[in-house]
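Down below is the structure, laid out as structure tokens.
Just so it is clear, none of the values below were taken in a lab; they were calculated from the coordinates. Just so you know, these numbers come straight off a predicted model, no measurement behind them. Note: ideal-geometry Cβ built from the backbone for every residue, glycine included; neighbour counts use all protein chains shown.
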Amino acid sequence: MAVLDTSLGAILIGTFLNVWLYGILVTQVTLYYSVYKRDATWIKLMVAWVMLLETLNSIFDMGFVYRYSITLFGNFPAQMHSHWFFHMAPLMTVTIAGTTQGFFAWRISRLTGCKWISWGIALVLLTQFVAGAVTTVGAWQVVEFTRFGELKVQISLWLVTSAISDLAITIVLTWYLHTHRTGFPKTEDLIARLIRVTVQTGLITTLWAVLDLIIFLVVPNPLHLLFNLPLPKLYSNSLLSTLNARGGWGDDSMQGSRNTTGGISIPMSIATPRTHEHQLAVPRNTEGVKVTDFEENSFEMEESSKSRVRQSQDIEQGGYSVHELKHGGDRPLSSDVELKL
């Protein structure tokens, strides 16, 4: 009975968290499709794929809870055996996590140009997926909750590789953003926000997977399910929060451009004297950045060449454009600095 109480209690609370996070995900997906209409088709399909998997995952979890709390109520021997709803959880979790982490790995490849980093992460993701699939097969074979300890190797490998992937992605993205600052205040603020979002989303999934693993290894009963069942929702929400976070970078001028242009411009105005031609000096060895709505060439940060001072023409440096104007009167000098992720 003690084992049953712990098992069902952990499953119930884990399902509560799963469904709660599903509600947040629905809100994020609705926001995404209503705002970022010009995103690349494959990005939209990826979001739809994740949403489909998460919907099935929540249905399976709720069906599992209903079966054990209503259908099998009072049938203690039957309640000691798991169900295929529950068996599918590991496979669905690694599929959702793999989709999210694979997207960030692709993002790293486009940002850094270092294919070996992305291939290394892809190898870890493949190991994670295989471990999750083997765990699902093992759950079908073991059936009884009291015997789930026999799957220690498979589950440990799955959660360890998951945490490694999350940590690697977070470190690489944070390092790259930190080393590609521009020197312009607004752009610096954007990069700081990007780093903050990257660290927050990456560390949440990493710590959650580590907690799941520790409790699984230390506590003999299925208490770890409290952390395991909501895990896929953390991945999908981290993906959508990253996609939707683009709307919070910049001022009112960004409104509407998300639907009408391929990128989000962050204007920087500098007042110039009435009687002087303005010459804009761009700091040397700075990299410009561009924020786009994830069209075909999105999630890309291109390094600029050495900065030059030019008059009466645009400076185009790997995604960083500065429009210079000659003024006869008191007209502002505008420069569009955009961050392409």
- Item | Summed side-chain charge close to Gln154 - residues other than Gln154 whose Cβ falls under 15 Å, Lys, Arg +1, Asp, Glu -1 | 0
- Efficiency of FRET from Cβ geometry, Arg110 and Ile13, R₀ 56 Å, rounded to 0.05: 0.90
- On the first, second and third principal axes, largest extent first, how far apart are the outermost C-alpha atoms of the stretch 1-63 in Å? 55, 16, 13
- Estimate the FRET efficiency between Thr41 and Trp119 by the formula 1/(1 + (r/R0)^6), using the beta-carbon distance for r and 35 Å for R0, to the nearest 0.05. 0.90
- Task: Find, among the chymotrypsin sites (Phe, Trp or Tyr not before Pro) in the stretch 1-100, those assigned to loop by DSSP (not H, G, I, E, B) with at most 14 other beta-carbon atoms within 10 angstrom.
- Result: Phe73
- Task: Subtract the Cα-Cα distance of Leu217 and Thr174 from 0.36 nm times their separation in residues, and report this length gain in nm to one decimal.
- Result: 12.4 nm
- Item | Extension gain (nm, one decimal) between Phe73 and Ile24, 0.36 nm per residue minus Cα-Cα | 14.6 nm
- Note on the structure: Residue by residue through the stretch 207-212, the couplings from Karplus 6.51 cos²θ - 1.76 cosθ + 1.60 with θ = phi - 60°, in Hz, x for Gly and Pro, are 5, 5, 5, 5, 4, 4
- Quick calc: nm separation of the 7 Å Cα→Cβ label points for Gln200 and Val130 -> 3.7
- With charges only on Cβ, +1 for K and R and -1 for D and E, what is the dipole size of the stretch 2-248 about its Cα centre, in debye, rounded to 20? 880
- Message: Taking 25 Å as R0, compute the FRET efficiency from the Cβ-Cβ separation of Trp84 and Ser156 and round it to 0.05.
- Response: 0.60
- Query: How far is the Cα center of the stretch 49-76 from the Cα center of the stretch 206-246, in Å?
  - Reply: 18
